[in-house]
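Each remark here refers to the structure printed beneath this line.
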Amino acid sequence: MIQETETLLQRLHTREVEFVIIGGICNVLHGVTLVTQDVDVCCRFTPENLRRIEAALKDLHPLHRQTPKKLPFVLDDRLARELRNIYLRTDLGVIDCLSQVAGIGDYDAVLAASVTVALAFGTCRMLSLEALIRSKESLGREQDLLALRQLRAIQERLGQNPP
Amino acid sequence: MSDREHSPNDQGFASAGASRDGAPAEGDLVDLLNQPPVCASDAGPAWKAAFAAGVDMSLVEDALKMTPQVRLREHQRSLDQILALRPTRPSHDSGN
């Protein structure tokens, strides 16, 4: 198995996909030490943006990994209009594109709650530390507890404690 | 101060056992190296809570000294190591 996080993000960036980094990689970018095996991004779910995602990943043999027959990720007009989440496995690893984030809202809300992050290939956006914590708190999942503890500690260390 | 806390400048060396140049005597060094991780006494409540939950906060300290780009690369290195260690799925086709 392969997981090339940076290359996947770079591909989205190069194709000018509108996206915000969320999930485990966002944790890592903020300083959490846990390892994650997929890339989660929140995207604007418009036909135009989904076509950009398709173009960015097309040569990586993307498959809908949640479907029993691992259907190829190929958009038609209906899918481009109606998809709300895309869970993919590609030659460079797993990437999930979501239309909203729990505790934050849809793409516009996520964008408003994001900050820029400078990566080697260019500047991207990721959920702010405060928004990431809020999102994980709203989910209340056991699997997030350790990350949440680290995020709160980092927030405290950086002096970004909520009032 | 609890026995699991220390001040950031406290190296934990017993002065009575230290040599003239301030280095710990051999016995003290062994004691020091055998100490379990400690949480800085001036750490905030969230930091202490994460430490108490078992998080190695020295790794978080290290991560906070890095840029996000370096954190991403370090994460990739860790992930590559994990994936390399993962046993490959046994083949059902023995070839016989």
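Only the coordinates and a few stated rules stand behind these numbers; no lab work does. For clarity, every value in this text was computed on a predicted model and none was experimentally measured. Reconstructed Cβ throughout: ideal geometry from the backbone, glycine too, with neighbour counts over all protein chains shown.
Points to keep in mind about this one:
- Number of positions in the stretch B:62-82 that are more than 7 Å from every other protein chain (Cβ to nearest Cβ) and either within 19 Å of A:Ser128 (Cβ to Cβ) or among the hydroxyl-bearing types (Ser, Thr, Tyr) (or both): 2
- Some residue of the stretch A:88-98 being of a type in the set (Val, Ile, Thr), crowded, with 17+ Cβ neighbours inside 10 Å and in contact with an Asp or Glu (Cβ under 6 Å, 6 or more places away or on another chain): yes
- Among the residues making up the stretch B:32-60, those that are in a helix (DSSP H, G or I) and surrounded by fewer than 16 Cβ atoms within 10 Å (Cβ to Cβ) are B:Leu32, B:Leu33, B:Asn34, B:Pro45, B:Ala52, B:Ser58, B:Leu59.
- Filtering the stretch A:136-159 to residues that are loosely packed, with under 14 Cβ neighbours inside 10 Å and within 11 Å of chain B (Cβ to nearest Cβ) leaves A:Leu145, A:Leu158, A:Gly159.
- Residue in the stretch B:24-45 that is touching a helix residue (DSSP H, G or I) at 6+ places or on another chain (Cβ under 6 Å), more than 30 Å from A:Leu9 (Cβ to Cβ) and either facing chain A (nearest Cβ under 9 Å) or of a type in the set (Asp, Glu) (or both) present: yes
- Looking across the stretch A:72-82 at every residue that is assigned to a loop (DSSP other than H, G, I, E, B) and within 21 Å of the chain's Cα centre (by Cα), the one that is surrounded by the most Cβ atoms within 10 Å (Cβ to Cβ) is identified as A:Phe73.
- For A:Thr36, the conditions (1) assigned to a loop (DSSP other than H, G, I, E, B); (2) surrounded by 24 or more Cβ atoms within 10 Å (Cβ to Cβ); (3) free of Cβ contacts under 8 Å to residues at least 40 places away in the same chain all hold with the exception of (2).
- Being over 13 Å from A:Leu98 (Cβ atoms) and of a type outside the set (Val, Ile, Thr) holds for only one residue in A:Asp38, A:Asp59, and it is A:Asp59.
- For the stretch A:103-130, filtering for residues that are touching a helix residue (DSSP H, G or I) at 6+ places or on another chain (Cβ under 6 Å) and away from chain B (no Cβ under 13 Å) leaves 3.
- A:Ile133 vs. criteria within 14 Å of chain B (Cβ to nearest Cβ), under 22 Å from A:Thr5 (Cβ atoms), part of a helix (DSSP H, G or I) and in contact (Cβ under 8 Å) with a residue 12 or more places away in the chain: yes
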